[in-house]
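Novice: Please find one structure pasted underneath; my questions will follow.
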């Protein structure tokens, strides 16, 4: 089994009309044994941008701390918030620095840029960026997520509809994956505010 | 083959560690204390590669102590766990990583709450209401899931840990002779009998 599947987890991000949504499950396990059900994998980068880090739990923690440091340093030197597209390249180059001994995470970035245009992208563990116009998925549940997102997503969803679409996609996908689930968190980013909701899921 | 168990109660943390020091198929000692006190209110239980365990535990213990002397403050369980995790995560990508699994339990005297951290040799760290390490986890987590409550009293926790140990005695093929059980609360760390 791949080391990327050791702790389990699922993340999905979607684009809506002037908004984006990103969601993750809350399971932390060691192979098939669930150790904790309070382990969200999404971290705030700025007021309007989130980073999702599915993969090996130790690297999720290490990288979330490193990105927090780098984002704060960027803010201090540039005297402005980092743009999501810039952040994607920062994350990408941080991962490629470890090209031959990588961090085992597949980050997803979702946010609104300075003109409130939605931006989402996914990445592999060495930082190869996948810019997407519709949705990106990562983690152990990618197969199921791709299928369900492909059929549920449509262009120009309003924030509430986008929330529903992301929630239903994530919930129905993780129910078919024994390594993910046990609760979920969804963030919907709109120009005015961020809506964060915790979802109850099947606990079996 | 080793087993560590921990659970958070109303205003305490109860921890249990088996006392056998084995090498290959031979039990070398049956009264080993697999824990180190990091300060008055934080205890660290360890299991894993013999040699690595005690060396790593004492390295953490002395660095936590050094930090406290230098800065004149007592580390909270969260601070101790964060420091320990970083050491393990750094060690993981070194030439010779430590193979040590830990439970860090303690009472936070500023927040007035008891906490338990589950940390593995990779440097994964999670704050949990109850936890177990080793093969014993496969037998005890289900019992803890069923009977643990956030407001569990010390007497109830003793009964529950006894249930866990009895389960290991009846189902687990390895004979874990005895367990050292400790309670950490606002008054410090003490060993108890069940």
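A short reminder: the numbers here are calculations on the coordinates, not readings from a lab. Worth saying up front: this structure is predicted, and the values here are computed from it rather than measured. Note that we place each Cβ from the backbone using ideal geometry, even for glycine, and neighbour counts take in every protein chain shown.
Novice: How compact and how long is chain A, expressed as Rg and Dmax of its alpha-carbon atoms in Å?
Specialist: 15.6, 48
Novice: Which of B:148, A:187 has the fewest other C-beta atoms within 10 Å, and how do the rest follow up to the most?
Specialist: Fewest-to-most Cβ neighbours within 10 Å comes out as B:148, A:187.
Novice: Using Cα pairs closer than 8 Å and at least 6 residues apart in sequence, work out the relative contact order for the range B:57-194, in percent.
Specialist: With pairs under 8 Å counted, the relative contact order is 16 percent.
Novice: Ok, one more. Cα centroids of the range A:122-169 and the range B:150-192: how far apart, whole angstrom?
Specialist: For the range A:122-169 versus the range B:150-192, the Cα centre distance is 45 Å.
Novice: For the range B:70-194, rounded, prolate or oblate, judged on the Cα gyration tensor with a ≥ b ≥ c (square roots of eigenvalues), a/c < 1.5 rounded, else prolate if a/b > b/c?
Specialist: Oblate shape, in that a/c is at least 1.5 and b/c is the bigger or equal ratio.
Novice: Per DSSP helix of 4 or more residues, -39500 (n - 2.57); summed, then divided by the residues of chain B. What does that give at 222 nm, rounded to the nearest 500?
Specialist: One gets -11500 deg cm²/dmol as the mean residue ellipticity at 222 nm.
Novice: State the three equivalent ellipsoid semi-axes of the protein assembly as shown, derived from the C-alpha gyration tensor as the square roots of 5 times its eigenvalues, in descending order and whole Å.
Specialist: Those come to 40, 23, 20 Å.
Novice: For chain A, set up a GNM with springs between Cα atoms under 10 Å and report which of A:49, A:58, A:37 has the largest fluctuation.
Specialist: Ranking A:49, A:58, A:37 by mean-square fluctuation puts A:58 first.
Novice: Only Cα pairs within less than 10 Å get springs; with that Gaussian network setup on chain A, which residue of A:13, A:21, A:173 has the largest fluctuation?
Specialist: For chain A, modelled as a Gaussian network with Cα springs under 10 Å, the answer is A:173.
Novice: Residue by residue through A:59-70, how many Cβ atoms from other chains fall within 10 Å of the Cβ on average?
Specialist: Rounded to a whole number, the mean comes out at 2.
Novice: Apply 1/(1 + (r/R0)^6) to the Cβ-Cβ distance of residue B:68 and residue A:154, taking R0 = 51 Å, and write down the FRET efficiency to the nearest 0.05.
Specialist: 0.35
Novice: Turning to a different aspect of this structure: Calculate the length of the line joining the C-alpha centroid of the range B:58-113 to that of the range A:173-189, in whole Å.
Specialist: Cα centroid to Cα centroid, the span is 31 Å.
Novice: Here is a follow-up. Given a 10 angstrom Cα cut-off, can you work out which residue in A:48, A:75, A:26 is the most mobile in a GNM of chain A?
Specialist: Looking only at A:48, A:75, A:26, the biggest GNM fluctuation is shown by A:75.
Novice: What is the order of A:151, B:24, A:167, fewest Cβ neighbours within 10 Å to most?
Specialist: By the 10 Å Cβ count, ascending, the order reads B:24, A:151, A:167.
Novice: Among B:165, B:25, A:60, A:126, which comes first, second and so on when ranked by fewest other beta-carbon atoms within 10 Å?
Specialist: Listed from fewest to most nearby Cβ atoms, that is B:25, A:126, B:165, A:60.
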